[in-house]
Amino acid sequence: MRFRRLIVCSILLALLPAAPALAGEPPSTSAPTASAPPESTPPAEQPSSEQPSPEQPSPGRPEEKLEEGLAVAEGTSRVIVELTDAAQTAPVAAQAAAQDAQVVLQPETQPAAQPFIVVEGTAEELAKLAEDPRVASIHRDRAYPPTAISSLPVIGADKVHAEGRTGAGQAVAILDTGIDRDHPFFGGRIVAEACFSSTEYDGVESLCPNGQSQMTGTGAADSEYAKCLVGGENLCEHGTHVAGIAAGQGGVAPGASIVAVQVFSRVNDEDACGAAACLMAFESSLRLAVDHVASLAPATPIAAMNLSLGGQLSDTSCDTSEEGQVFKPKIDDLLAKGVATVVAAGNEYFEGTTFPACVSSAVAVGASDNGDHIADFSNTGPLLDLFAPGVDIESSVPDDAMATHSGTSMAAPHVAGALAVLKAAFPDQAIGALVEKLKTSGRPFSYQAGGVQVTTPRLDLAAAVSGAAPQPTVSQSGPAPSESGPSPEPTDEDPQSEDPRSEDPGESDEPDPTPIPLPTVTVTVTVTATPPAAPSSVCTRGTAGTRMTAKEWAVEVYRGTGQLSDETLTCYLKLAHKTSKVFPELTKASSLGKAYRVLKAPKGARAKLDRALLAAWLNWAHGATSTLAPVQAAEKVRLTAKASSASLKKATAALGR
C-alpha cells in the first residue's frame, strides 16, 4: 500500500466535529510563559556554538534538490516535484511512473512560472527523479488543518452598515472547507465556486462532488456533500462559519459577494486523524486554488482572499523558506490584481505565526475578545498585522444552522470582510493602501513578546472608513482569562498491541518524576446549533515551565504513571508535529504509544538523537523553553543523510546540556 500516513502539524478537523477552530485555556500555574525573555530559557536549551552543521551538497548536485529528510525517510513520501518548464509536465510524469514512483497529481493547467506534479515515492525513487535536469526541486506536499456576530460593534461595523456601506460590488474569496450554498445567511450572494481536493488511491478521498481532484462551477464547493459527513457530523462546517463572518447577512460585509473554494481532502486513516476520518488541505491543492482566484480577479472584483488554516510555526518571516518561495509570488501577484491575502495567525499561544501567515505580504490576523483582551490562545508578536474579534463568534454552519466558535480562524474573516467594505467605499485606492488604512486606524494593543514591547492594532472598521484617529492604546498585561472548562478525555487509540502504555510496566528502570502541576491546555467551546452540538477542544502550549528529561517524559506518556492527562500529552505531540521536520515524518511518532518507543531510546546514535529531540519538543510544548533554535539546529543534523555517528552524538549532547 502506497499511502503514506499523513500527520499534520496541528489538531485536525476530524477531532473537532462541532468546533473546528477554538482555543486553549490559559494555564493556571505561575510558571514562565512563552513570552519570557530569552535569558529565562534554561541553559540546557540554549543554542550551542558546538552544534555540528550538516554536510551540504555542492550546488547542482541532485541531492541538493531534495528537501531535508527525504533522503533518509522510510517508506514512501508524498512530494511536490517542481519543474523547470511547464511543457515538461507530461514527460516528467511519465518518467516518474517509469521509475516506479506513483504520480498522484498532474495538473491539467498551471502557471508557466511554477509548474509541478505530485508524486508518491520512496527515498530511492525520489533521488532518482532528482537526477532529471527538468526537475528543479522536490519537497513534501504538506497538509494543513483549519485553525477554528456580536463582535460587529467592537470593530464599528454596525456604524458603517448604518451609513449604507456593506461591501456591495466587492467579493471575498473563502479558501476553506466549502459552503452551505442555500444557507439563508448568504442570500444568494455566492457568485463562484471551485474545488481543488487532492486524492490518492488509498485513504484520501476528494471532496469535489464530481469525485475528481478539480471542479469548478455551481455546486463545486458544496459543504453538504455526502463525503463531508461522518457519523452524523459535518466535517466541512468550518468554511460556512468563516464565510458567514466575512460576508453573511449578519457579517462584516453583508453586501459583498462570496467566492467559495473547497481546498480540503477527506483522509480515512484513524492513526493519522485520531478518528475515523478528518480533513486536510494539501499544499498542491492550495497552489491550484490560489491560482484559480488569481484567474478570476480581472473579471471579478475580489477584495480579499481568506485562509483560515495554517501549518508550520515560524517566529520570523518565511519568505525565503521552500513554501514561502512558492506562495509569496502568488500573494504578491494577487496584490497587484487588487486582492489582499488574509491569513489566520494560529492558535498555539506562540510568539510568531503559522504558515502561510508568516509570508510578509500576507495579512496575519490574531484574535481578541470583545473586551479588547488578546485571546489566551492567539499567536502574537511582530509578525502579526492586526487583531480582530475571535472569541465566541456566532455565524452560519451547514444545514441552515448557526453556531458559536472561537479561534484566529474567526478573526481573519473579520479583516477580509472589512477590506471588502473599504474597497467598496474607496474604489480608487490600491488594496495595499487599504490594508495600511486598517493598520493605522486600528486600536493599538501594546504587549511584551520576545522580551521587547510590541504594538499591534486591533481592527476598527469605523475609524478606517471615517478617517478618525485611533482609539487609546490598550496595554495587555497577559492573556484574557477563559470561562470555559476542560473537555472530556479522548478515547485511547489501539490500547492493546500498538500502545505500550496499555501494558504493565513492571519493574521499570525509569525514575519516578518529580510531581508536575497539570497545566490546563484545552478549552470547551459551546456550540449553539439545532440540535445543540457537543463541546470540542483544541490545544495550545502550556506554561507550567517544568523541564523534564526524556526518561521523565517516557513515564508521562506511559499510561497511568505520569501526572499529565492523555489529552494534554496528545496536544503536545500535535504541537511538535506542527513545527518539527523529524516528527512524525521520520520517526512515525504520531501517537503516545509510538512516542513512548522513541523516548525509550533503542540502541544507535540516530535513535538516541530522536529521543533527545522529542524530549526537547515536548519541553517546548510544555512551556519549559521558549526558543526553537536549539532543537531546530539539532534537527538539521538528524535530517542529513550522511551524518556521522560522531555528529549525531554531538547533537544529542548539545540538547542534553
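Things to note:
- The range 198-225 - residue that is small (G, A, S) and over 14 Å from L105 (Cβ atoms) and, of those, modelled with the lowest pLDDT: G203
- Strands (runs of 3 or more DSSP E) completely within the range 176-253 that count 1 or more residues being open to solvent by less than 30 Å² (accessible area, probe 1.4 Å): 190-196, 204-206
- Residue check, K581 within 26 Å of D269 (Cα to Cα), under 28 Å from the mean Cα position of the chain (by Cα) and of a type in the set (D, E, K, R): yes
- Which listed residue is part of a helix (DSSP H, G or I), of a type outside the set (D, E, K, R) and either at pLDDT below 90 or open to solvent by 10 Å² or more (accessible area, probe 1.4 Å) (or both), from A113, A136, A127: A127
- Residue match in the range 298-312 (condition: open to solvent by less than 10 Å² (accessible area, probe 1.4 Å) and in contact with a Cys (Cβ under 9 Å, 6 or more places away or on another chain)): yes
- Members of the range 254-292 that are under 22 Å from Q170 (Cα atoms) and open to solvent by 10 Å² or more (accessible area, probe 1.4 Å): P254, G255, S257, D291, H292
- Filtered by the rule that a residue be out of contact with any Phe, Trp or Tyr (no Cβ under 9 Å at 6 or more places or on another chain) and outside any loop (DSSP other than H, G, I, E, B), the range 139-166 gives H139, R140, A157, D158, K159, V160, H161, A162.
Each row is one residue, and each column tells you yes or no for (1) under 23 Å from R140 (Cβ atoms); (2) of a type outside the set (S, T, Y).
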residue	(1), (2)
A544	no, yes
R547	no, yes
W553	no, yes
L564	no, yes
K594	yes, yes
K603	no, yes
R606	yes, yes
T625	no, no
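- Scanning the range 77-110 for residues that are in a loop (DSSP other than H, G, I, E, B) and under 19 Å from S265 (Cα atoms) yields Q106, P107, E108.
- Some residue of the range 559-572 being under 16 Å from the mean Cα position of the chain (by Cα) and among the hydroxyl-bearing types (S, T, Y): yes
- Scanning the range 408-425 for residues that are closer than 23 Å to N347 by Cα and surrounded by fewer than 24 Cβ atoms within 10 Å (Cβ to Cβ) gives no hits.
- Of residues in the range 362-383 being open to solvent by 10 Å² or more (accessible area, probe 1.4 Å) and not β-branched (V, I, T), the one nearest to the chain's Cα centre (by Cα): L383
- Unmet criterion (only one of (1) under 19 Å from L335 (Cα atoms); (2) open to solvent by 60 Å² or more (accessible area, probe 1.4 Å); (3) in contact with an Asp or Glu (Cβ under 9 Å, 6 or more places away or on another chain); (4) not hydroxyl-bearing (S, T, Y)) for D428: (3)
- Residues in the range 515-569 that are buried (at least 20 other Cβ atoms within 10 Å of the Cβ), of a type in the set (G, A, S), modelled with pLDDT of 70 or more and in a loop (DSSP other than H, G, I, E, B): G542, A544, G545, G562.
- Cross-chain or 6+ apart pairs with Cβ under 8 Å, the range 83-108 first and under 26 Å from C195 (Cβ atoms), then basic (K, R) and crowded, with 19+ Cβ neighbours inside 10 Å: V104/R78
- Only listed residue being part of a loop (DSSP other than H, G, I, E, B) and surrounded by fewer than 24 Cβ atoms within 10 Å (Cβ to Cβ), chosen from P457, P470: P470
- Inspection of the range 618-627 finds no residue satisfying the criterion of being assigned to a helix (DSSP H, G or I), surrounded by fewer than 19 Cβ atoms within 10 Å (Cβ to Cβ) and of a type in the set (A, V, I, L, M).
- A count restricted to the range 84-110 and to residues that are buried (at least 22 other Cβ atoms within 10 Å of the Cβ), touching a helix residue (DSSP H, G or I) at 6+ places or on another chain (Cβ under 7 Å) and over 18 Å from V290 (Cβ atoms) stands at 2.
- Subset tally (residues that are under 22 Å from L419 (Cα atoms) and outside any loop (DSSP other than H, G, I, E, B)) for the range 305-344: 19
- Sub-6 Å Cβ pairs linking a first residue in the range 260-279 that is among the basic types (K, R) to a second residue that is surrounded by fewer than 24 Cβ atoms within 10 Å (Cβ to Cβ) and assigned to a strand (DSSP E or B), at least 6 apart or interchain, are R266/E205, ordered by first then second residue.
- Pairs are defined by a Cβ separation below 9 Å, a sequence spacing of at least 6 or placement on different chains, a first member in the range 198-223 that is over 13 Å from S265 (Cβ atoms), and a second member that is of a type in the set (S, T, Y) and open to solvent by 30 Å² or more (accessible area, probe 1.4 Å); the pairs so defined are P209/Y225; G219/Y225.
- Condition check for N347: more than 21 Å from the chain's Cα centre (by Cα) and not in a helix (DSSP H, G or I): no
- Number of positions in the range 634-645 that are in a helix (DSSP H, G or I) and in contact with a helix residue (DSSP H, G or I) (Cβ under 8 Å, 6 or more places away or on another chain): 5
- Top-ranked residue of the range 431-453 - restricted to ones that are aliphatic (A, V, I, L, M) and surrounded by 19 or more Cβ atoms within 10 Å (Cβ to Cβ), ranked as nearest to S314 (Cα to Cα): A449
The values are calculated or read from the model by the stated rules, or taken from the named source; none is laboratory data. Everything quoted here is computed from the prediction, not taken from an experiment. Every residue, glycine among them, receives a Cβ derived from its backbone with ideal geometry; neighbour counts consider all protein chains shown. Areas reflect the complete protein model, heavy atoms only, side chains present, ligands, DNA and RNA absent. Shrake-Rupley method; radii C 1.70, N 1.55, O 1.52, S 1.80 Å.
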